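I have placed the structure first, in the form of structure tokens, so that the comments after it can refer back to it.
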Amino acid sequence: MVLVCMNQERVYLNLHKMILKLMEKFKIPLFEGSGFSRLIGKLMILNTLATHECTNGFVDELLSLLCNSILPKPNNLPKSHYEAKNLI
């Protein structure tokens, strides 16, 4: 019984750490003066791309275009699909 409680406590602590990390990411703006956080921007893009079943190559190209040509610099948008998924 004690082992089960210790494992549950460990799971809750890990979950708490993950939530705190997400909350910190929520505070980072997409770019200076943006009304969107870095996290919300990533989630919106990933959700839209998944809905339309876009390939990873398309996502990489789109993010590159947005980061390098459309959004003001510096910006906090991920540069690739891999980076976007790993930061969430």
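For the chain, adding -39500 (n - 2.57) for each run of n ≥ 4 DSSP H residues and dividing by the number of residues yields -20500 deg cm²/dmol at 222 nm.
Can you tell me the order of 43-50, 19-26 when each peptide is scored by its average per-residue count of other Cβ atoms within 10 angstrom, highest first?
Numbers: 43-50: 13.9, 19-26: 11.4.
So the peptides 43-50, 19-26, ranked by packing, come out 43-50, 19-26.
Taking R0 as 30 Å, what FRET efficiency do you get between ASN68 and SER37 from their Cβ-Cβ distance, rounded to the nearest 0.05? Given R0 = 30 Å and the Cβ-Cβ separation, E is 0.90. One chain, two ends: LYS27 and ASN47. Fully extended at 0.36 nm per residue, the span grows by 5.2 nm beyond their Cα-Cα distance. Counting only alpha carbon atoms, the long axis of helix 56-65 and the longest principal axis of the chain meet at about 60°.
To the nearest 20 Debye, how big is the dipole of the chain about its Cα centre, given +1 on the beta carbon of each Lys and Arg and -1 on that of each Asp and Glu? Display every interim value, and only then the final one.
Values: 10 positive and 7 negative charges, 59 e Å.
Approximately 280 debye in magnitude.
Size check on the chain: the Cα extents along the three principal axes, sorted descending, read 57, 31, 17 Å.
We did not get these values from a lab; they are worked out from the coordinates using the rules stated. Just so it is clear, the model here is predicted, and its values are computed rather than measured. Virtual Cβ from ideal backbone geometry, glycine too; neighbours counted across all protein chains shown.
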